[in-house]
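**Student:** Structure provided below as C-alpha coordinates; questions to follow.
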Amino acid sequence: MSTGGSEPRPTRNQRREAAREKARVLREEQRKRDRRNKFLIQGGVVLAIVAVAALIGGLIFNSIRPEGPGPQNMASDGILLVGGEAGIEAVDTPAIPAGGQPTPTVPDESGTVANIVVYLDYLCPFCGQFETTNSDTMRTMIEQGAATLEIHPIAILTNKSAGTQYSLRAANAAACVAEESPEAFFDFNALMFENQPEELTAGLTNDEIKDIAAEAGAASSVDSCIDDTRFKSWVQDATERALTEPIPNSELASVTGTPTVLVNGKQYVGSLEDPAEFQAFVLQAAGESYSESEATPTPTPTPEAG
(Lines give C-alpha, C1' and ligand atoms only; values in the text may rest on other atoms or scores of the structure.)
Protein backbone atom coordinates (compact mmCIF):
# COMPACT_ATOMS: atom_id res chain seq x y z
CA MET A 1 0.00 0.00 0.00
CA SER A 2 1.38 3.28 -1.11
CA THR A 3 1.00 6.47 0.75
CA GLY A 4 0.09 9.76 -0.99
CA GLY A 5 1.78 13.14 -0.51
CA SER A 6 3.28 16.16 -2.35
CA GLU A 7 6.78 15.99 -3.93
CA PRO A 8 9.48 17.88 -2.09
CA ARG A 9 10.14 21.41 -3.40
CA PRO A 10 13.37 21.72 -5.48
CA THR A 11 16.19 23.28 -3.64
CA ARG A 12 17.78 26.52 -4.77
CA ASN A 13 20.71 24.64 -6.29
CA GLN A 14 18.39 22.33 -8.19
CA ARG A 15 16.46 25.27 -9.56
CA ARG A 16 19.72 26.93 -10.59
CA GLU A 17 20.91 23.77 -12.37
CA ALA A 18 17.56 23.39 -14.14
CA ALA A 19 17.75 26.98 -15.38
CA ARG A 20 21.29 26.44 -16.60
CA GLU A 21 20.27 23.29 -18.44
CA LYS A 22 17.31 25.07 -20.06
CA ALA A 23 19.59 27.92 -21.13
CA ARG A 24 22.08 25.42 -22.56
CA VAL A 25 19.35 23.71 -24.57
CA LEU A 26 18.11 27.06 -25.89
CA ARG A 27 21.65 28.07 -26.87
CA GLU A 28 22.18 24.78 -28.69
CA GLU A 29 18.91 25.14 -30.59
CA GLN A 30 19.88 28.70 -31.55
CA ARG A 31 23.28 27.52 -32.82
CA LYS A 32 21.54 24.88 -34.94
CA ARG A 33 19.18 27.51 -36.37
CA ASP A 34 22.13 29.81 -37.08
CA ARG A 35 24.02 27.05 -38.88
CA ARG A 36 20.92 26.15 -40.89
CA ASN A 37 20.25 29.78 -41.87
CA LYS A 38 23.91 30.28 -42.77
CA PHE A 39 23.76 27.23 -45.03
CA LEU A 40 20.55 28.43 -46.65
CA ILE A 41 21.96 31.92 -47.19
CA GLN A 42 25.19 30.56 -48.64
CA GLY A 43 23.25 28.20 -50.85
CA GLY A 44 21.00 31.02 -52.00
CA VAL A 45 23.97 33.21 -52.78
CA VAL A 46 25.59 30.41 -54.76
CA LEU A 47 22.39 29.82 -56.71
CA ALA A 48 22.05 33.55 -57.36
CA ILE A 49 25.65 33.72 -58.55
CA VAL A 50 25.10 30.73 -60.83
CA ALA A 51 21.93 32.29 -62.23
CA VAL A 52 23.63 35.62 -62.85
CA ALA A 53 26.62 33.86 -64.42
CA ALA A 54 24.30 31.89 -66.70
CA LEU A 55 22.51 35.08 -67.71
CA ILE A 56 25.77 36.91 -68.40
CA GLY A 57 27.09 33.88 -70.27
CA GLY A 58 23.97 33.77 -72.42
CA LEU A 59 24.23 37.45 -73.19
CA ILE A 60 27.91 37.12 -74.07
CA PHE A 61 27.21 34.07 -76.24
CA ASN A 62 24.48 35.89 -78.11
CA SER A 63 26.65 38.95 -78.62
CA ILE A 64 29.69 36.99 -79.83
CA ARG A 65 27.87 34.01 -81.28
CA PRO A 66 30.29 32.08 -83.48
CA GLU A 67 29.84 32.73 -87.15
CA GLY A 68 27.66 30.10 -88.75
CA PRO A 69 26.64 29.32 -92.32
CA GLY A 70 24.27 31.59 -94.15
CA PRO A 71 20.77 30.58 -95.19
CA GLN A 72 20.18 28.19 -98.04
CA ASN A 73 18.94 29.73 -101.29
CA MET A 74 20.85 32.97 -100.61
CA ALA A 75 24.30 32.13 -101.97
CA SER A 76 24.61 35.67 -103.39
CA ASP A 77 23.45 37.24 -100.09
CA GLY A 78 20.10 37.55 -101.84
CA ILE A 79 17.31 35.22 -102.91
CA LEU A 80 16.60 34.94 -106.66
CA LEU A 81 12.91 34.64 -107.55
CA VAL A 82 11.78 33.46 -110.97
CA GLY A 83 8.58 32.43 -112.68
CA GLY A 84 7.68 28.75 -112.55
CA GLU A 85 4.81 26.37 -113.10
CA ALA A 86 3.56 26.91 -109.55
CA GLY A 87 3.96 30.69 -109.70
CA ILE A 88 6.95 32.47 -108.22
CA GLU A 89 9.75 30.13 -107.22
CA ALA A 90 13.16 30.56 -105.64
CA VAL A 91 16.32 29.31 -107.32
CA ASP A 92 17.91 26.64 -105.12
CA THR A 93 21.42 27.51 -103.98
CA PRO A 94 23.66 26.18 -101.20
CA ALA A 95 24.31 28.13 -98.03
CA ILE A 96 27.38 30.33 -97.75
CA PRO A 97 29.73 28.34 -95.49
CA ALA A 98 30.91 29.84 -92.22
CA GLY A 99 33.61 32.35 -93.03
CA GLY A 100 32.86 32.03 -96.75
CA GLN A 101 32.03 34.60 -99.39
CA PRO A 102 28.85 34.97 -101.47
CA THR A 103 28.66 33.81 -105.07
CA PRO A 104 27.23 36.52 -107.36
CA THR A 105 24.21 35.57 -109.43
CA VAL A 106 24.82 35.13 -113.14
CA PRO A 107 22.23 37.40 -114.79
CA ASP A 108 20.11 36.43 -117.78
CA GLU A 109 21.81 38.19 -120.68
CA SER A 110 19.40 37.11 -123.38
CA GLY A 111 18.05 40.65 -123.58
CA THR A 112 14.49 39.38 -123.09
CA VAL A 113 14.45 39.32 -119.28
CA ALA A 114 14.73 42.21 -116.83
CA ASN A 115 17.05 41.28 -113.95
CA ILE A 116 15.72 43.31 -111.00
CA VAL A 117 17.85 43.48 -107.86
CA VAL A 118 16.67 45.21 -104.67
CA TYR A 119 18.64 45.91 -101.49
CA LEU A 120 16.19 46.74 -98.71
CA ASP A 121 15.75 47.25 -94.98
CA TYR A 122 12.38 46.24 -93.52
CA LEU A 123 12.27 49.37 -91.35
CA CYS A 124 13.18 51.76 -94.18
CA PRO A 125 10.12 53.90 -95.06
CA PHE A 126 11.39 54.53 -98.60
CA CYS A 127 11.68 50.79 -99.12
CA GLY A 128 8.08 50.55 -97.99
CA GLN A 129 7.04 53.14 -100.56
CA PHE A 130 8.84 51.33 -103.37
CA GLU A 131 7.57 47.89 -102.43
CA THR A 132 3.92 48.81 -101.90
CA THR A 133 3.97 50.78 -105.18
CA ASN A 134 5.66 48.16 -107.36
CA SER A 135 5.10 44.78 -105.71
CA ASP A 136 2.11 43.82 -107.89
CA THR A 137 3.91 44.94 -111.04
CA MET A 138 6.99 42.88 -110.20
CA ARG A 139 4.82 39.88 -109.34
CA THR A 140 3.19 40.01 -112.78
CA MET A 141 6.51 40.41 -114.60
CA ILE A 142 8.05 37.48 -112.74
CA GLU A 143 5.07 35.19 -113.26
CA GLN A 144 5.07 36.00 -116.98
CA GLY A 145 8.79 35.29 -117.28
CA ALA A 146 9.58 38.88 -118.21
CA ALA A 147 11.71 39.51 -115.12
CA THR A 148 13.61 37.94 -112.28
CA LEU A 149 13.80 39.51 -108.83
CA GLU A 150 16.76 39.20 -106.45
CA ILE A 151 16.05 40.52 -102.96
CA HIS A 152 18.86 41.35 -100.53
CA PRO A 153 17.57 41.99 -96.99
CA ILE A 154 20.08 44.07 -95.01
CA ALA A 155 19.95 45.81 -91.63
CA ILE A 156 21.18 49.39 -91.68
CA LEU A 157 18.53 50.72 -89.27
CA THR A 158 19.08 48.26 -86.43
CA ASN A 159 19.54 51.12 -83.93
CA LYS A 160 16.32 52.88 -85.00
CA SER A 161 13.80 50.65 -83.23
CA ALA A 162 13.87 51.58 -79.53
CA GLY A 163 16.45 48.93 -78.70
CA THR A 164 14.64 45.90 -80.19
CA GLN A 165 16.95 45.57 -83.23
CA TYR A 166 13.95 45.26 -85.50
CA SER A 167 15.88 45.62 -88.77
CA LEU A 168 18.20 42.79 -87.81
CA ARG A 169 15.37 40.58 -86.56
CA ALA A 170 13.32 41.20 -89.70
CA ALA A 171 16.24 40.45 -92.03
CA ASN A 172 16.95 37.29 -90.03
CA ALA A 173 13.29 36.28 -90.42
CA ALA A 174 13.56 36.77 -94.18
CA ALA A 175 16.60 34.51 -94.19
CA CYS A 176 14.64 31.92 -92.18
CA VAL A 177 11.85 31.96 -94.75
CA ALA A 178 14.38 31.72 -97.59
CA GLU A 179 15.84 28.58 -96.04
CA GLU A 180 12.74 26.86 -94.71
CA SER A 181 10.01 27.98 -97.16
CA PRO A 182 11.55 29.77 -100.16
CA GLU A 183 8.32 29.46 -102.14
CA ALA A 184 6.68 31.79 -99.59
CA PHE A 185 9.37 34.47 -99.76
CA PHE A 186 7.74 36.88 -102.22
CA ASP A 187 4.50 36.99 -100.23
CA PHE A 188 6.39 37.24 -96.92
CA ASN A 189 8.39 40.18 -98.24
CA ALA A 190 5.25 41.95 -99.47
CA LEU A 191 3.39 41.37 -96.19
CA MET A 192 6.31 42.66 -94.13
CA PHE A 193 5.98 45.99 -95.91
CA GLU A 194 2.19 45.99 -95.74
CA ASN A 195 2.62 45.74 -91.96
CA GLN A 196 5.73 47.94 -91.76
CA PRO A 197 6.23 49.77 -88.44
CA GLU A 198 7.49 53.34 -88.23
CA GLU A 199 11.09 54.22 -87.54
CA LEU A 200 11.99 54.87 -83.88
CA THR A 201 9.27 52.49 -82.68
CA ALA A 202 9.85 49.03 -81.23
CA GLY A 203 8.72 47.46 -84.49
CA LEU A 204 6.96 44.12 -84.80
CA THR A 205 7.49 41.45 -82.16
CA ASN A 206 8.86 38.05 -83.11
CA ASP A 207 5.38 36.59 -82.63
CA GLU A 208 3.94 39.14 -85.05
CA ILE A 209 6.65 38.35 -87.60
CA LYS A 210 5.91 34.63 -87.22
CA ASP A 211 2.22 35.34 -87.85
CA ILE A 212 3.17 37.15 -91.07
CA ALA A 213 5.34 34.21 -92.13
CA ALA A 214 2.44 31.83 -91.51
CA GLU A 215 0.08 34.08 -93.48
CA ALA A 216 2.55 33.98 -96.38
CA GLY A 217 2.44 30.19 -96.31
CA ALA A 218 5.77 29.49 -94.57
CA ALA A 219 6.27 26.27 -92.63
CA SER A 220 6.12 26.25 -88.84
CA SER A 221 9.84 25.38 -88.76
CA VAL A 222 10.46 29.06 -89.47
CA ASP A 223 9.32 29.94 -85.93
CA SER A 224 12.29 28.58 -84.00
CA CYS A 225 14.67 30.10 -86.54
CA ILE A 226 13.11 33.50 -85.92
CA ASP A 227 13.14 33.13 -82.14
CA ASP A 228 16.78 31.96 -82.12
CA THR A 229 17.93 34.70 -84.53
CA ARG A 230 19.71 31.87 -86.30
CA PHE A 231 21.16 34.03 -89.06
CA LYS A 232 22.18 37.04 -86.99
CA SER A 233 25.86 36.72 -87.97
CA TRP A 234 24.96 36.35 -91.64
CA VAL A 235 22.74 39.44 -91.57
CA GLN A 236 25.57 41.46 -90.05
CA ASP A 237 28.09 40.13 -92.58
CA ALA A 238 25.78 40.62 -95.56
CA THR A 239 25.03 44.18 -94.45
CA GLU A 240 28.73 44.94 -94.07
CA ARG A 241 29.46 43.52 -97.53
CA ALA A 242 26.67 45.56 -99.11
CA LEU A 243 27.93 48.78 -97.54
CA THR A 244 31.63 48.29 -98.25
CA GLU A 245 32.02 46.15 -101.37
CA PRO A 246 31.17 46.66 -105.06
CA ILE A 247 27.70 45.52 -106.10
CA PRO A 248 27.97 42.56 -108.49
CA ASN A 249 26.80 42.99 -112.08
CA SER A 250 26.78 46.79 -111.79
CA GLU A 251 29.08 49.78 -111.62
CA LEU A 252 28.08 50.70 -108.06
CA ALA A 253 30.94 50.82 -105.57
CA SER A 254 28.57 49.88 -102.72
CA VAL A 255 25.10 50.37 -101.32
CA THR A 256 24.78 53.89 -99.90
CA GLY A 257 21.13 53.72 -98.87
CA THR A 258 17.94 51.75 -99.20
CA PRO A 259 16.19 50.92 -101.33
CA THR A 260 18.93 50.36 -103.90
CA VAL A 261 17.18 49.12 -107.03
CA LEU A 262 18.98 47.85 -110.11
CA VAL A 263 17.57 46.66 -113.42
CA ASN A 264 20.08 44.88 -115.63
CA GLY A 265 22.85 46.59 -113.70
CA LYS A 266 21.43 50.11 -114.03
CA GLN A 267 20.29 51.92 -110.87
CA TYR A 268 16.73 53.19 -110.66
CA VAL A 269 16.64 56.66 -109.11
CA GLY A 270 13.13 57.69 -110.13
CA SER A 271 9.94 58.11 -108.13
CA LEU A 272 9.24 55.55 -105.43
CA GLU A 273 5.50 56.13 -105.66
CA ASP A 274 4.88 56.15 -109.43
CA PRO A 275 4.49 52.61 -110.77
CA ALA A 276 4.40 53.83 -114.37
CA GLU A 277 7.84 55.43 -114.05
CA PHE A 278 9.36 52.24 -112.70
CA GLN A 279 7.70 50.13 -115.41
CA ALA A 280 9.08 52.45 -118.06
CA PHE A 281 12.55 52.17 -116.55
CA VAL A 282 12.35 48.37 -116.55
CA LEU A 283 11.26 48.32 -120.20
CA GLN A 284 13.99 50.75 -121.16
CA ALA A 285 16.70 48.78 -119.35
CA ALA A 286 15.48 45.51 -120.85
CA GLY A 287 15.30 47.09 -124.29
CA GLU A 288 18.86 48.36 -124.03
CA SER A 289 20.05 44.94 -122.98
CA TYR A 290 18.18 43.39 -125.92
CA SER A 291 19.77 45.85 -128.33
CA GLU A 292 23.19 45.11 -126.91
CA SER A 293 22.63 41.39 -127.23
CA GLU A 294 21.48 41.81 -130.82
CA ALA A 295 24.49 43.98 -131.61
CA THR A 296 26.89 41.30 -130.44
CA PRO A 297 28.13 39.64 -133.62
CA THR A 298 27.61 35.92 -133.98
CA PRO A 299 30.91 34.16 -134.71
CA THR A 300 31.14 32.99 -138.31
CA PRO A 301 32.01 29.32 -138.61
CA THR A 302 35.46 28.76 -140.09
CA PRO A 303 35.29 26.63 -143.26
CA GLU A 304 37.03 23.34 -142.96
CA ALA A 305 39.97 22.84 -145.25
CA GLY A 306 39.11 20.53 -148.10
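The values are calculated or read from the model by the stated rules, or taken from the named source; none is laboratory data. Not measured: the values here are computed from a predicted model. Note that we place each Cβ from the backbone using ideal geometry, even for glycine, and neighbour counts take in every protein chain shown. Only protein heavy atoms, including side chains, enter the accessible area calculation; ligands, DNA and RNA are left aside. Shrake-Rupley method; radii C 1.70, N 1.55, O 1.52, S 1.80 Å.
**Student:** Under a straight-distance cross-link criterion of Cα-Cα below 25 Å, which lysines are reachable from residue 22, leaving out those fewer than 8 residues away in the same chain?
**Tutor:** Within the straight-line limit of under 25 Å, residue 22 reaches these lysines: 32, 38.
**Student:** OK, next. Going 7 Å from the Cα of residue 140 along its beta-carbon direction, which residues of segment 111-134 have the amide nitrogen within less than 13 Å of the resulting point?
**Tutor:** 134
**Student:** Hey, another quick one. Ranked from the most accessible area to the least, with a 1.4 Å probe and all protein chains present, what is the order of 103, 229?
**Tutor:** Solvent-accessible surface, decreasing: 103, 229.
**Student:** Contour minus end-to-end for residue 110 and residue 274, with contour as 0.36 nm per residue of separation and end-to-end as the Cα-Cα distance?
**Tutor:** 56.3 nm
**Student:** Also: Can you tally the net charge around residue 260? Count Lys and Arg as +1, Asp and Glu as -1, for every other residue whose Cβ sits under 14 Å from the Cβ of residue 260.
**Tutor:** Details: positive: 241, 266; negative: 77, 121, 131, 150, 245, 251.
Taking every other residue near residue 260 into account, the sum is -4.
**Student:** Between residue 31 and residue 267, what length comes free when the chain is fully extended (0.36 nm per residue of separation minus the Cα-Cα distance, one decimal in nm)?
**Tutor:** Stretched out fully, the residue 31 to residue 267 stretch lengthens by 76.8 nm.
**Student:** Follow-up. Sorting check: for 107-120, 261-274, which peptide has the highest mean count of neighbouring beta carbons within 10 Å, and how do the rest follow? Mind showing how you got there, number by number?
**Tutor:** On the way: 107-120: 20.2, 261-274: 17.3.
Descending packing order for the listed peptides: 107-120, 261-274.
**Student:** Subtracting the Cα-Cα distance from 0.36 nm times the residue separation, let me have the gained length for residue 211 to residue 92 in nm, one decimal. Each step should come with its number before you reach the end.
**Tutor:** Details: separation 119, 0.36 × 119 = 42.84 nm, distance 2.49 nm.
Length difference between fully extended and current span is 40.4 nm.
**Student:** Restricting to DSSP loop positions (anything but H, G, I, E, B) with no more than 16 other Cβ atoms inside 10 Å of their own Cβ, which GluC sites (Glu not before Pro) remain in segment 138-208?
**Tutor:** Values: sites: 143, 150, 179, 180, 183, 194, 198, 199, 208; in loops: 198, 199.
Loop-located and lightly packed - 198, 199.
**Student:** Okay, moving on. Hey, can you find the accessible area per residue of segment 79-293 for me, probe 1.4 Å, expressed in square angstrom?
**Tutor:** 44 Å²
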